[in-house]
Structures are given as structure tokens and as C-alpha cells.
Amino acid sequence: MASSPKVRSDQVHELLLQALETERGGILIYTAAVNAAINEDLKKEWSGYLDEIRTH
């Protein structure tokens with residue numbers, strides 16, 4: 001039986017922090033995009049993306 005690779009908790013921690021930072025950055029970007037949008041179709045689309053990223 002093959003042994004599973006060891007998971008380094010420090011690497012997992014770092015990856016989770018990077019994922020959280022990416023999600024937070026997405027919220028900032030889509031918030032700015034929605035606020036700056038002139039085209040209503042784009043505003044609606046970006047608002048949808050913002051709602052999705054907030055639930056991640």
C-alpha cells in the first residue's frame with residue numbers, strides 16, 4: 001500500500017491566506033467596477049460577479 005504524501009501545515013496555511021487575499025481583492029475590484037460602471041448591462045453583470053464572490 002502506497003503511503004500518502006505528508007501535508008505541511010505551513011504550506012496549507014499560506015495557500016489559504018493567498019486564497020482569502022484573492023477573494024478580498026476581487027470584492028474590492030468588483031465594487032469599484034460596479035460603482036464606476038456607466039453601461040447598465042455591465043453594471044448588472046459585475047454586480048452578479050460581486051454577489052458570487054461575496055458568498056465564496
| Out of L15, A36, S4, whose Cα points farthest toward the positive end of the dipole of the chain (charges: +1 Lys, Arg; -1 Asp, Glu; placed on Cβ)? | S4
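With an 8 Å Cα cut-off and a minimum separation of 6 or more residues, compute the relative contact order for the chain in percent.
Relative contact order of the chain: 34 percent.
Within the range 7-56, which trypsin sites (Lys or Arg not before Pro) sit in a loop by DSSP and count at most 11 neighbouring Cβ atoms inside 10 Å?
Details: sites: R8, R24, K43, K44, R54; in loops: R8.
Here the sparse-neighbourhood loop sites are R8.
On full extension of the chain, what length is gained from H13 through E40, given 0.36 nm per residue of separation minus the C-alpha to C-alpha distance?
Difference between extended and current length: 5.7 nm.
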| field | q = 0.29, 0.30 Å⁻¹, the chain: log10 I(q)/I(0) [Debye, one scatterer per Cα] | value | -1.06, -1.09
| Computed helical MRE - 222 nm, the chain, DSSP H runs ≥ 4 contributing -39500 (n - 2.57), nearest 500 | -27500 deg cm²/dmol
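All of the numbers you see were taken from the coordinates with simple rules; none came from a lab. Source: prediction; values computed, not measured. Please note: Cβ atoms are built from the backbone with ideal geometry, for glycine as well, and neighbour counts cover all protein chains shown.
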